[in-house]
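Presented below is the structure to which this report refers.
Here, each number is a calculation from the coordinates, and none is a lab measurement. Remember, it's a predicted structure, so these values are computed and weren't measured experimentally. Glycine gets a Cβ as well: all are built from the backbone with ideal geometry, and neighbour counts include every protein chain shown.
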Amino acid sequence: ASALLELKDMEVAFTIGKRAYPALQQISFKVEEKETVGIVGESGCGKSLTSLSVMGLLPETAAMTKGGIILNGQPMEPASSEGWSTVRGKQVSMIFQNPMSALNPLMPVGKQIAEMAMTHLSVSKQEAKRLAMEMMAKVGLSRVERLYDDYPHQLSGGMMQRIMIAMALICSPKLLIADEPTTALDVTIQGQILDLLRDMNRSIGTAILFISHDLGVIREVCDRVIVMYAGYIVEDAPVAEILDHPKHPYTVGLLQSLPSADKRGRPLYTIPGRVPSITDRGPGCPFAGRCPSATDLCESVTPELSQVAAGHQVRCHLYANGGRVI
Ligand code: SF4
Ligand code: MG
């Protein structure tokens, strides 16, 4: 059977002046049905751009210049917005960091969920309202009859994120893309939303592509994680494998910068340097400028992804040829 989502050697480039600058290169990965996959990396690594590609929502100055996306066995035409709009909502839904920007401030929140159901499920108004209230309860909102008529500004950030999740899931999409959905929330509420997403994955079976700069958050929700750096996938492995046996020097740095009990009271590690901007990416390994293990080879030759264990791929010269260290 084919994967729910497959990205095949996708390249996305921005046009600045007369030049095209690749922002994503050689992006290949699959998400199977019901799977939970995380994408982690600092900002500027291409996580959000990858998710926008999957939604067919690339910014106007960007274009898919190579490869493609196959959703549920259907190749998605990069240019056809019509093809995408039939897919959005029903097959793929998305939630964002800031629900306020995605909700209509002038419409009661319950009605916004119901309208989603009416648009995509061709149900009556009454049935849509019933489904909306049912979904509001499912995402852990209480007193939904009253809440149905509330406006976004009357809700807390955590409640609004639950409304967004209800809206995203009302049409039972096969894939939910969550882009930093808890970054703006305080730690307690963040934990509750992560629990909710995991529950929804188990009970409804929606696959989740979860995007975060925080590996600690991804660990809570995902089975597998893809590490991105400067527009490339640099490591792809089951979460447990990444936590126990990180290979790529960038992944090692991300793990070192996670807070943990034994590091309490000490300043958190941060990887020195910064992600090169898209106009500033030369040949060689994109991480070479920040990597403690870089050699001359790294400066001139971009490493390929290579398999180091079952389901574990790394893009680093140290692990070329199946993991034999050079
Ligand atoms: Fe570091 Fe070289 Fe590996 Fe890049 S290829 S991560 S620079 S060791
Ligand atoms: Mg982002």
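Two decimals, Cα atoms only, Kirkwood Rh: what is Rg/Rh over the stretch 250-326? Working shown, then result.
Numbers: Rg = 14.7 Å, Rh = 14.2 Å.
In the stretch 250-326, Rg relative to Rh is 1.03.
Just from its helices, what would the mean residue ellipticity at 222 nm be for the chain, if runs of 4 or more DSSP H residues each count -39500 (n - 2.57) and the sum is divided by every residue, rounded to the nearest 500 deg cm²/dmol? Display every interim value, and only then the final one.
Values: 13 runs with 112 residues, N = 326.
Estimated from H runs of four or more residues: -9500 deg cm²/dmol.
Hey, what's the Cα Rg ratio for the stretch 194-269 versus the globular rule of thumb, 2.2 N^0.38 Å?
Compared with the compact-globule rule of thumb, the stretch 194-269 sits at 1.20.
With the contact rule set at Cα under 8 Å and sequence spacing of 6 or more, what percent relative contact order holds for the stretch 242-326?
Taking the mean separation of contacting Cα pairs over the length of the stretch 242-326, I get 21 percent.
log₁₀ I(q)/I(0) of the stretch 13-154 at q = 0.18 Å⁻¹, via Debye over equal Cα point scatterers, no solvent, to two decimals?
-1.16
Could you order peptides 11-20, 156-165, 133-142 by the average number of other Cβ atoms within 10 Å of their residues, highest first? Write down the numbers at each step before the final one.
On the way: 11-20: 14.1, 156-165: 22.3, 133-142: 18.7.
The most tightly packed comes first, giving 156-165, 133-142, 11-20.
Evaluate the relative contact order of the stretch 101-171 (contact order divided by residue number), counting alpha-carbon pairs under 8 angstrom at least 6 apart; express in whole percent.
Computed over the stretch 101-171, the figure is 44 percent.
Among 259-270, 179-190, how do they line up by average Cβ neighbours within 10 Å per residue, starting with the highest?
179-190, 259-270
Over the alpha-carbon set of the chain, divide Rg by the Kirkwood Rh and report the Rg/Rh ratio to two decimals.
My calculation puts Rg/Rh at 0.99.
Using a Gaussian network model of the chain with C-alpha springs under 10 Å, which one of Ile218, Ile170, Ile204 is most mobile by mean-square fluctuation?
Checking each option, the largest mean-square fluctuation is seen for Ile204.
Please list, in order along the stretch 269-286, the HN-Hα scalar couplings obtained from phi with the Karplus expression 6.51 cos²θ - 1.76 cosθ + 1.60 (θ = phi - 60°), rounded to whole Hz, x for Gly and Pro.
5, 10, 5, x, x, 9, 5, x, 6, 5, 7, 10, 10, x, x, x, 5, x
If R0 is 56 Å, what FRET efficiency do you get for Asn104 and Arg266 from their C-beta distance, rounded to 0.05?
0.75
Using only the Cα atoms of the stretch 101-171, what do you get for the radius of gyration and for Dmax, in Å?
Gyration radius and largest Cα-Cα distance of the stretch 101-171: 10.7, 31 Å.
Relative contact order for the chain: what percent, with Cα pairs under 8 Å and sequence separation of 6 or more?
With pairs under 8 Å counted, the relative contact order is 19 percent.
For the pair Glu127 and Lys90, what calculated FRET efficiency results from E = 1/(1 + (r/R0)^6), where r is the Cβ-Cβ distance and R0 = 22 Å, to the nearest 0.05?
0.85
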